[in-house]
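One structure is given below, encoded as structure tokens.
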Amino acid sequence: MKKPTRKLLAICVATCALQGNFTLAADTTFAPSFSVAAVHDDNVFISDSGNPASDTFIRYTPGLTLDYNGDTLKLTGNYKQDGEKYQDNTQLDTNAARRIGNVSARWILTDRFSFDLGGQYLNTPTPGELNILTGFQQLGRLRSKREAVNTGVQYRFSPTLFSALSYSVSHDSAQTISDIKTHEANLDITKDWSERLQLLFGHSYREYRFDDGSTLDTHTPTVGFAYDLTRQTTLRVEAGPRIFGDSDTVKPQIDVNVRHEYTTTGLLEVGYTRSETVLTGINDRVESETLSGSFTKDIGRNWNFSVRPSYGTVRNAGNKAKVSRFVADLRYNLTNYWYVNASYQYTRQQDSFAANFNRVIPRNVILVGINFSYPIRNGEQSQTR
């Protein structure tokens with residue numbers, strides 16, 4: 001068993017041991033799955049050349065999901081692995097192109113106090129997949145991975161006052177070029193001021209450790225509110241100073257989100273974030289600004305449609321990147337266990353984070369696939385879709 005798989009399994013076992021009397025009961029769901037998709041990528045090597053290589057390939061993905069929903073323990077774990085077979089670039093063929101694992105658990109100690117534990121693992125041939133916040137793409141294909149563990153506690157002081165304390169550590173590495181460890185601790189306090197208004201108070205501490213031995217850290221106190229504009233629409237705003245512990249620099253931290261629910265058939269979200277992050281291959285924090293939106297809509301009983309556009313910038317020390325993204329997904333449920341899906345992903349990045357000043361990296365990816373999942377609850381077939 002490989003090291004990351006052992007880590008995720010250890011988290012599951014540790015959490016179950018805390019529970020003590022954990023058994024596979026009637027509220028346990030075990031769901032093996034398998035999907036096959038045809039994919040066309042017009043920039044398969046993530047190149048900034050004027051004529052990037054394109055290819056069509058088959059992606060096959062076995063997976064496994066486990067859900068346990070007990071009175072005092074909630075546990076979810078999943079793992080999937082992509083295999084890929086290419087039409088032209090057969091040197092890229094592999095049964096382990098991408099490996100993704102997640103596990104999360106919540107132990108409810110009392111009606112006021114709960115404890116969380118979780119872990120994540122991602123192994124991918126494209127390091128840009130580690131840059132979830134910004135969508136920033138590094139040139140070329142390079143085996144990269146993320147290993148992360150998080151824990152936290154939640155305590156409700158009263159019906160209107162809630163607190164949460166969390167800690168996480170993540171390790172991002174890209175073969176031969178990057179190794180970054182991020183430690184993050186967060187304290188969040190929520191006060192229900194009225195039926196429509198919540199007051200938000202928080203403090204975040206981040207420490208970045210790079211492979212050249214350098215260390216950076218940031219303190220970020222924030223205040224904000226969440227306000228129900230209508231029964232279906234919520235505005236959430238949080239802001240504060242980001243105080244660099246390694247210098248006298250202070251930058252703004254801003255998060256604004258508007259969420260609108262269309263009864264039970266759709267969801268619209270628009271958000272703006274100004275924050276900081278790290279990128280594989282760069283031994284420094286970078287400033288990021290992102291304007292994003294998402295719209296999801298159920299059409300009838302079987303159709304689901306979603307779009308997610310975004311535009312963002314990343315900058316540090318005179319370098320800057322502009323990243324435009326657009327993702328569209330369409331899904332049709334054939335039965336309780338089968339569905340077909342199609343997706344389109346567009347990315348265009350213009351940046352100066354290299355000797356090739358003002359390089360442009362375009363990419364279009366089209367996918368059409370069929371998916372199968374067979375949920376089993378307590379040894380019997382589940383009737384949930």
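The values are calculated or read from the model by the stated rules, or taken from the named source; none is laboratory data. Keep in mind the model is a prediction, meaning the values are calculated, not measured. Note that each Cβ is placed from the backbone with ideal geometry, even for glycine, and that neighbours are counted across all protein chains shown. With ligands, DNA and RNA removed, areas are computed over all heavy atoms of the protein, side chains included. Shrake-Rupley method; radii C 1.70, N 1.55, O 1.52, S 1.80 Å.
About its Cα centre, the dipole of the range 121-232 is roughly 240 debye, where the only charges are +1 on Lys and Arg Cβ and -1 on Asp and Glu Cβ.
Whole-Hz Karplus values for the range 153-168 come out as 10, 10, 9, 9, 6, 7, x, 10, 10, 10, 9, 9, 10, 9, 9, 9 Hz, taken residue by residue from phi with 6.51 cos²θ - 1.76 cosθ + 1.60 and θ = phi - 60°; glycine and proline positions read x.
Positive contributions from Lys and Arg (+1) and negative ones from Asp and Glu (-1), summed over other residues with Cβ under 14 Å from the Cβ of residue 299, come out at +1. Which of 60, 126, 160 sits farthest toward the positive end of the charge dipole of the range 30-175, with +1 on the Cβ of Lys and Arg and -1 on the Cβ of Asp and Glu? Checked the options; the winner is 160.
Ligands, DNA and RNA left out, the accessible area of the chain computed with a 1.4 Å probe is 58% carbon and sulfur.
Across the cross-link table entries 181/251; 191/251; 80/297; 181/322; 181/297, which are compared at the Cα atoms, the separations over 30 Å belong to 181/297. Structure remark: mean-square fluctuation, Gaussian network model of the chain, C-alpha springs under 10 Å; the largest value among 264, 29, 313 belongs to 264. Surface exposure of the chain, expressed per residue as accessible area with a 1.4 Å probe, stands at 52 Å².
Since only 365, 326, 312 are under comparison, the one whose Cα sits farthest along the positive direction of the charge dipole of the range 253-385, derived from C-beta charges on Lys, Arg, Asp and Glu, is 365.
Here the chain is treated with +1 on each Lys and Arg Cβ and -1 on each Asp and Glu Cβ, and its dipole about the Cα centre works out to around 440 debye.
Amide H contacts of residue 53: 44, 45, each under 5 Å away and 5 or more positions distant or on a separate chain (H built 1.01 Å from N in the peptide plane; Pro and chain starts excluded).
Helical content alone sets the calculated 222 nm signal of the chain at -1500 deg cm²/dmol, taking -39,500 (n - 2.57) per DSSP H segment of four or more residues and averaging over every residue. Accessible surface of residue 289, taken over heavy atoms with a 1.4 Å probe and every protein chain present, rounds to 50 Å².
In terms of its C-alpha gyration tensor, the range 224-374 has an oblate overall shape, because the principal axis ratio a/c (a ≥ b ≥ c, square roots of the eigenvalues) is not below 1.5 and a/b does not outweigh b/c. [x] 39, 30, 21; [y] 32, 30, 23; [z] 42, 23, 17: which one is semi-axes √(5λ) of the Cα gyration tensor in Å as calculated from this entry? It is the value labelled [y].
Protection proxy ranking, highest mean first, for peptides 45-55, 241-251: 45-55, 241-251, where packing is the per-residue count of other beta-carbon atoms within 10 Å, averaged.
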